[in-house]
Amino acid sequence: MDVVSIGETMVALINEPRGYIRHAESFKPHIAGAESNTLIGLSRLGHQVSWISALGSDELGELILRAVRAEGVDTSQVRRTEYRTGIFFKEILPNSNVSVTYYREGSAASRMTGADLDFEQIRKAKVLYLTGITLAISDSARKMLFEIVDRLKDEHVRVVFDPNIRLKLWSAEEARSTILRFLPYVDDLIIGKAEAALLLGHHDPVRAIEDFKNIGCKNVVIKLGKEGAAYFVNGESGRVSNPQIFEEIDPVGAGDAFSSGYVSGILNGKPPEQSVKEACFLGGYITQFTGDYEGFPSRKQLSVLLKTINS
Ligand code: CKP
Ligand code: MG
């Protein structure tokens, strides 16, 4: 496998028509989860990927499994348990103002433990992609991630991490102390500027890169939203801009698209600047589509799109 990822995927219910949920006439089911979104992005870009998770033995679990499998993601490590599959509602208001309401407490994925995992599968991957959501959903999931990264210390698996801080799942203080404890195990940190400020207490991206390197991250990418990204990767530092050519419809999933572009670049041995540029492009591109992963392009579509913007 090129990439293995562990995390929760839920059924996301999006109201129609758009606007306040109180006026909903119907809800359309989508599937959403930062880790599976990223894996789907990578699969569409031609990489071999596997998802480790747990779902309920219910119809919602079936819906998710079918959708993820249909995207070419290996799901042989997804367990079906007696607990429920999580859901959430996503309300998209004007100016891309999105509000999510989770119903995920006690879900099948939040009850995952280290005992449920096949460590051999993880050990054989080139990249292990993780996010802070798994650290936040439960004590057992948090413990599981710490155990995994600790066991991987002497292995050649590259740990790529997006903190994806969700203050609906934990407090800023809990997020800060847990993530700072986790970062020394991380090879590549992909982090938003607001998240970096929450962890470090300042807004300077250049200083943040130095701080994260001192904590132990080998490579650091700071996402600056519409201003692009700043990075230190494979000993090279730089900054890329993000051409604003997209009409934003649904911003959720942009971070996962960014991650898939970056990880794809690593796997293809691209120069850091190019990987970060493509990551920025993908992050912007998918906001034109409703749903968290639906807009990811294939490798072929991506090369055509990149040629168009570079010409
Ligand atoms: O940071 P992003 O907008 O790319 O993340 C979106 C995902 O996993 C979304 O699909 C949702 O299910 C979640 O983050 C979450 O648990 O909030
Ligand atoms: Mg994110």
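A few comments on the model shown:
- Failed criterion for Gly238 (all others in (1) touching a residue at least 24 places away in the same chain (Cβ under 8 Å); (2) under 19 Å from the mean Cα position of the chain (by Cα) hold): (2)
- Any hit, the range 273-285, residues being within 16 Å of ligand 2 (Cβ to nearest atom) and basic (Lys, Arg): no
- Check on Ser107, surrounded by fewer than 21 Cβ atoms within 10 Å (Cβ to Cβ) and either within 17 Å of the chain's Cα centre (by Cα) or not hydrophobic (A, V, I, L, M, F, W, C) (or both): no
- Among the residues making up the range 198-208, a single one is surrounded by 20 or more Cβ atoms within 10 Å (Cβ to Cβ) and free of Cβ contacts under 8 Å to residues at least 24 places away in the same chain: Ala208.
- Candidates Gln301, Gln288, Gln244, filtered to the one that is over 21 Å from Ala34 (Cβ atoms), in contact with a Gly (Cβ under 8 Å, 6 or more places away or on another chain) and either loosely packed, with under 15 Cβ neighbours inside 10 Å or of a type in the set (Val, Ile, Thr) (or both): Gln244
- Candidates are the residues of the range 11-64 that are of a type in the set (Lys, Arg) and touching a residue at least 60 places away in the same chain (Cβ under 8 Å); the one that is farthest from Tyr293 (Cα to Cα) is Arg18.
- Figure legend. Inter-residue proximity from the range 242-256: first residues within 13 Å of ligand 2 (Cβ to nearest atom), second residues in a loop (DSSP other than H, G, I, E, B), beta-carbon distance below 6 Å, spacing 6+ or different chains. Indicated pairs: Pro251/Ser96; Val252/Asp292; Gly253/Asp292; Gly253/Tyr293.
- Applying the condition of being touching a helix residue (DSSP H, G or I) at 6+ places or on another chain (Cβ under 8 Å) and on the phi > 0 side of the Ramachandran plot to the range 210-237 and asking which residue is farthest from ligand 2 (Cβ to nearest atom) yields Asn234.
- Close pairs (9 angstrom Cβ cut-off, 6 or more residues apart or separate chains): more than 17 Å from Ser138 (Cα to Cα) in the range 92-107, among the aromatic types (Phe, Trp, Tyr) and assigned to a loop (DSSP other than H, G, I, E, B) anywhere: Leu93/Tyr20
- Residue check for Lys126: away from ligand 1 (no atom under 16 Å from the Cβ), surrounded by fewer than 18 Cβ atoms within 10 Å (Cβ to Cβ) and within 20 Å of the chain's Cα centre (by Cα): yes
- Residues of the range 143-168 that are part of a loop (DSSP other than H, G, I, E, B), surrounded by 15 or more Cβ atoms within 10 Å (Cβ to Cβ) and more than 16 Å from ligand 2 (Cβ to nearest atom): Val157 alone.
- Any hit, the range 13-26, residues being aliphatic (A, V, I, L, M), modelled with pLDDT of 95 or more, within 22 Å of Val159 (Cα to Cα) and part of a loop (DSSP other than H, G, I, E, B): no
- Residues of the range 247-279 that are more than 14 Å from the chain's Cα centre (by Cα) and buried (at least 21 other Cβ atoms within 10 Å of the Cβ): Asp250, Gly265, Ile266, Pro272, Ser275, Val276, Lys277, Glu278.
- Only residues that are out of contact with any Cys (no Cβ under 9 Å at 6 or more places or on another chain) and either in contact (Cβ under 8 Å) with a residue 60 or more places away in the chain or open to solvent by 60 Å² or more (accessible area, probe 1.4 Å) (or both) were counted across the range 186-197, and they come to 4.
The values are calculated or read from the model by the stated rules, or taken from the named source; none is laboratory data. Note that this is a predicted model, so its numbers are computed, not measured. Ideal geometry is used to build each Cβ from the backbone, glycine not excepted, and the neighbour counts take in all protein chains shown. With ligands, DNA and RNA removed, areas are computed over all heavy atoms of the protein, side chains included. Shrake-Rupley method; radii C 1.70, N 1.55, O 1.52, S 1.80 Å.
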